[in-house]
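For reference, the structure discussed in these notes is given below.
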Amino acid sequence: MTHGSKPQFKIGSAARPRFPGILRSPLARIAGLTSLTLTLVLPFPPPSRAQDSLPFAVSNPKHQKWAMEEAGRIYMSACALVARTVRPERPPHLHPAFVLVLGAQNDGTLRTATTAEIHLKTWNPVRFAEAVVIMASRDVVNNDAVTSLTRETLVAAESSVSVSELKEKR
């Protein structure tokens, strides 16, 4: 910038409207912010591609009704909460991959070395949230760690004895 030239931006100039009269009334400001918020927050994909935007796969052979947007919110919330619970100072980035199976015979989770599925008879946000928490937790604790923790749990349980058990053994 040469001597005598004007600065391009002034501190505090953003607070004053650049075009007087536009967005001056409170109602106009609210309407402008609302449309901006809707534009930024609600860019939903078209219904045919909406399921592709989910962070998990869905199998719904019986074409049951379910709340796709709610499922996405539950997934993101569960992953974030599990991550902050496990390591509050530096939460890990959890995004478990699984298939949501709607119309199953029983509610439950299935996880093997190659498969992860959440089975629901019908859409149930509480059961889905519980299953996502389980899946996210399993992302933190891998299969080897689960085996090791199971072994350590049994050793610890066998090494402690209650007073009533001691009386019974006499």
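Do the conditions hold for Val163, that is, is it farther than 29 Å from Met76 by Cα, modelled with pLDDT under 85 and among the aliphatic types (A, V, I, L, M)? In short, yes. Here Val155 fulfils each of the conditions (1) surrounded by fewer than 15 Cβ atoms within 10 Å (Cβ to Cβ); (2) at pLDDT 85 or above; (3) within 22 Å of the chain's Cα centre (by Cα) apart from (3).
Look at Val155 and say whether it is among the hydrophobic types (A, V, I, L, M, F, W, C), over 27 Å from Met76 (Cβ atoms) and assigned to a helix (DSSP H, G or I). So that I can check it myself, show each step before the final result.
Details: among the hydrophobic types (A, V, I, L, M, F, W, C): yes; over 27 Å from Met76 (Cβ atoms): yes; assigned to a helix (DSSP H, G or I): yes.
Here the answer is yes, as Val155 does meet what is asked.
Within segment 106-129, the set of residues being loosely packed, with under 15 Cβ neighbours inside 10 Å, at pLDDT 95 or above, out of contact with any helix residue (DSSP H, G or I) (no Cβ under 9 Å at 6 or more places or on another chain) and outside any loop (DSSP other than H, G, I, E, B) comprises Val126 only. Among all positions in segment 86-105, there is no residue which is surrounded by fewer than 16 Cβ atoms within 10 Å (Cβ to Cβ), free of Cβ contacts under 8 Å to residues at least 12 places away in the same chain, at negative phi and in a helix (DSSP H, G or I).
The values are calculated or read from the model by the stated rules, or taken from the named source; none is laboratory data. Just so we're clear, the structure is a prediction, and the values are computed from it rather than from any experiment. Cβ: placed from backbone, ideal geometry, glycine included. Neighbour counts: every protein chain shown.
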